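Heads up: the structure comes next, in structure tokens.
Computed from the coordinates by the stated procedures, all read-outs in this text should not be read as laboratory data. Given the structure is predicted, the values throughout are model-derived calculations rather than measurements. Positions of Cβ are backbone-derived with ideal geometry, glycine not excepted, and every protein chain shown enters the neighbour counts.
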Amino acid sequence: MTAPTLVLGSTSPYRRELLARLGVAFEVAAPDCDETPLPGESAAATASRLARLKALSLAGRFPQALIIGSDQVALLHGEQLGKPGNYERAFAQLSAMRGQTIVFHTALALHHAASGRTQETVVPWRITMRDYSDEEIATYLRREQPYDCAGSAKTEGLGIAMIASMEGSDPAAIIGLPLIELCRMLREEGFPLL
């Protein structure tokens, strides 16, 4: 029996790079869904809903595929932090995060289009930021320009210099795609990894 096509429902270069680490063939497709949080929705629920919607939005285009959807929402003092998009918003996020602990909720959905089965999980990561200076924020933003990352700090890059400690179960989750959980889900679908 031939393994189904694997599709990454994301335009994120970070997720593409993470999935490539598994050494399996996959296609990339842009999902079609509104990423606006719903009123009163928790960060974990937002991430989970968006991961599922991203995967499901591609089922019609890939009716036999295993489709991966993922989303990440950062939470600071009850407020969801999205992608800043520009220098000013990134500076504001990093200023607010100074010396604080942020919980990043990275959700993963694996949808088997042929069977209709969807597996889902959310992997939390706790990151405590250092008490850095405004000058350090400005230098970091000029060098890394992390405007496409929730919370404005890339742990896989220079953003690690802004961090005091990290706690979580899957190091790939903080970058945007929980590979440990994805491997488990793929095994449950009979998709060969090894």
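For this structure, a couple of remarks:
- Label selected from (1) 15.9, 49; (2) 17.0, 58; (3) 19.7, 66, the criterion being Rg and Dmax of the Cα atoms in Å as computed here: (2)
- All Cα-Cα separations within the stretch 127-194 were binned at 10 Å from zero, giving a P(r) of 18, 40, 22, 14, 5, 0, each value a whole percent of the pairs.
- Taking every full run of DSSP H in the chain, the ones that stretch at least 18 Å from end to end by Cα along their long axis and average -1.0 or higher on the Kyte-Doolittle scale are 43-56.
- Total formal charge among the other residues, if their Cβ is under 13 angstrom from that of Ala59, Lys/Arg +1 and Asp/Glu -1: +3
- Protection proxy ranking, peptides 127-135, 152-160, 170-178, average beta carbon neighbours within 10 Å, highest first: 170-178, 152-160, 127-135
- Structural descriptor for the chain: relative contact order 22 percent, calculated from alpha carbon pairs under 8 angstrom and at least 6 residues apart.
- Over the residues of the chain, the helix contribution to mean residue ellipticity at 222 nm works out to -8500 deg cm²/dmol, using -39500 (n - 2.57) for each DSSP H run of at least 4.
- Of the peptides 106-114, 52-60, 65-73, 28-36, the ranking by mean beta-carbon count within 10 Å, highest at the top, reads 65-73, 106-114, 52-60, 28-36.
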